[in-house]
Amino acid sequence: MNASLPAVAIIGTGSMGGAILAGLRAPGVRLPGLRATTRSEASAAALRANGVEARATEHDSAANTWAVSDAGLVLLGVKPAQITTVLAELAPSLRPDALVVSVAAGITTAAMEDVVPNPVVRAMPNTPALIGRGVTGIAGGARATAAHLALADDLFRTVGTVVELPEAQIDALSTISGSGPAYVFLLIEELTRAAEAMGFEPDVAALLVQQTFSGAALLLEATGEEPAELRRRVTSPKGTTERAIAVLQEAQLATVFERAARAAQERARELAAGA
Ligand SMILES: NC(=O)C1=CN([C@@H]2O[C@H](COP(=O)(O)OP(=O)(O)OC[C@H]3O[C@@H](n4cnc5c(N)ncnc54)[C@H](O)[C@@H]3O)[C@@H](O)[C@H]2O)C=CC1
Ligand SMILES: O=C(O)[C@@H]1CCC=N1
């Protein structure tokens with residue numbers, strides 16, 4: 001990945017902020033500065049041990065303002081409930097031309113624009129970003145120009161694929177790809193449990209299931225075939241898979257994911273309302 005970015009500040013370097021930090025430190029990404037903050041001193045120390053300029057907010061009330069003072073791009077990786085408070089804290093120290101990018105679920109660009117005069121982009125990445133295989137939806141707020149969206153696109157392309165879409169669709173995207181890795185891991189957990197119930201030792205069960213998931217995902221990617229066609233090739237007529245698929249379909253698998261996604265979307269609306 002080749003990208004040239006302005007100085008970046010990551011405010012809240014946890015699972016998601018940390019994944020993006022890793023992308024920014026990949027070979028081929030050029031940026032004049034990178035500063036990161038976390039709440040706890042222990043995690044800031046871990047970042048520093050890894051060569052990152054980092055400070056913690058717990059005993060250092062200037063940590064966040066220090067991080068953003070020279071930044072042209074400010075990534076907010078704190079929890080949704082903290083976004084407006086943290087932005088209000090940053091406001092006096094933000095460069096007027098700095099682009100603010102938030103990955104917080106539910107929090108709209110309008111809510112952030114009420115707190116700072118800067119351009120704002122809302123983004124929804126997912127955790128495979130940690131290995132450069134994320135997919136991120138991005139949407140610009142009222143002050144974001146095409147150049148700001150291009151900058152956000154460059155940022156998230158360091159950790160995978162980027163999709164630009166209207167902000168009204170970001171919550172929906174979050175229910176599919178933002179939360180999606182958790183759905184996949186739940187399926188892996190449950191199939192592993194089934195393998196153990198069939199008598200396999202836990203390590204063998206884990207190996208069988210993990211290789212099956214990663215093999216199937218890679219097969220889908222490598223062949224470019226439709227998943228339904230790949231499933232058909234496993235499901236021999238009158239064979240064993242057919243029986244298993246019938247049981248899964250009886251369990252209303254066809255609707256359960258839509259219901260799950262709608263529940264996640266409702267929670268995003270609650271987060272937007274501050275609940
Ligand atoms: N985990 C995921 O799969 C995804 C998370 N998100 C969003 O990412 C955001 C963070 O979520 P996670 O990374 O999962 O949480 P996390 O708890 O791992 O990270 C939050 C980070 O913020 C730091 N922090 C807390 N208060 C702070 C402050 N005042 N100043 C600076 N840093 C502070 C914490 O020390 C921690 O490092 C949330 O808004 C979430 O909606 C978005 C997409 C996917
Ligand atoms: O669960 C959450 O709220 C965040 C947003 C999408 C994935 N994790």
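A few remarks follow.
- Scanning segment 1-12 for residues that are surrounded by 15 or more Cβ atoms within 10 Å (Cβ to Cβ), more than 16 Å from ligand 2 (Cβ to nearest atom) and not aliphatic (A, V, I, L, M) turns up just one, Pro6.
- Residue within segment 58-77 that is within 16 Å of Val120 (Cα to Cα), touching a helix residue (DSSP H, G or I) at 6+ places or on another chain (Cβ under 8 Å) and within 9 Å of ligand 1 (Cβ to nearest atom) present: yes
- Segment 51-78 - residue that is charged (D, E, K, R) and assigned to a loop (DSSP other than H, G, I, E, B) and, of those, nearest to Asp154 (Cα to Cα): Asp70
- One residue from Pro96, Pro92 being in a loop (DSSP other than H, G, I, E, B), over 18 Å from Gly274 (Cβ atoms) and of a type outside the set (Ser, Thr, Tyr): Pro96
- Of the residues making up segment 234-252, none is under 21 Å from Ser177 (Cα atoms), of a type outside the set (Lys, Arg) and at pLDDT 95 or above.
- Some residue of segment 182-200 being touching a residue at least 12 places away in the same chain (Cβ under 8 Å), over 23 Å from Leu31 (Cα atoms) and within 16 Å of ligand 2 (Cβ to nearest atom): yes
- Failed condition for Pro237, given (1) surrounded by fewer than 11 Cβ atoms within 10 Å (Cβ to Cβ); (2) in contact (Cβ under 8 Å) with a residue 12 or more places away in the chain; (3) more than 24 Å from the chain's Cα centre (by Cα): (2)
- Candidate set from segment 108-126 (those that are in a loop (DSSP other than H, G, I, E, B) and either polar (S, T, N, Q) or at positive phi (or both)); member that is farthest from ligand 1 (Cβ to nearest atom): Asn118
- Unique match (being within 16 Å of ligand 2 (Cβ to nearest atom) and touching a Pro at 6+ places or on another chain (Cβ under 9 Å)) among Ala81, Ala71, Ala104, Ala98: Ala104
- Applying the criterion of being part of a loop (DSSP other than H, G, I, E, B), within 16 Å of ligand 1 (Cβ to nearest atom) and of a type in the set (Ser, Thr, Tyr) to the residues of segment 144-200, the residue that is surrounded by the most Cβ atoms within 10 Å (Cβ to Cβ) is Thr158.
- Ser4 vs. criteria free of Cβ contacts under 8 Å to residues at least 60 places away in the same chain and of a type outside the set (Phe, Trp, Tyr): no
- Scanning segment 24-46 for residues that are surrounded by 23 or more Cβ atoms within 10 Å (Cβ to Cβ) and among the small types (Gly, Ala, Ser), we see that the one that is farthest from Ala71 (Cα to Cα) is Ala44.
- Screening Ala217, Ala222, Ala272 for residues that are among the small types (Gly, Ala, Ser) and either within 16 Å of ligand 2 (Cβ to nearest atom) or assigned by TED's automatic domain parsing to the domain that holds Glu113 (or both) leaves exactly one candidate, Ala272.
The values are calculated or read from the model by the stated rules, or taken from the named source; none is laboratory data. In this text the structure is predicted, and so the values were computed from the model without any measurement. Reconstructed Cβ throughout: ideal geometry from the backbone, glycine too, with neighbour counts over all protein chains shown.
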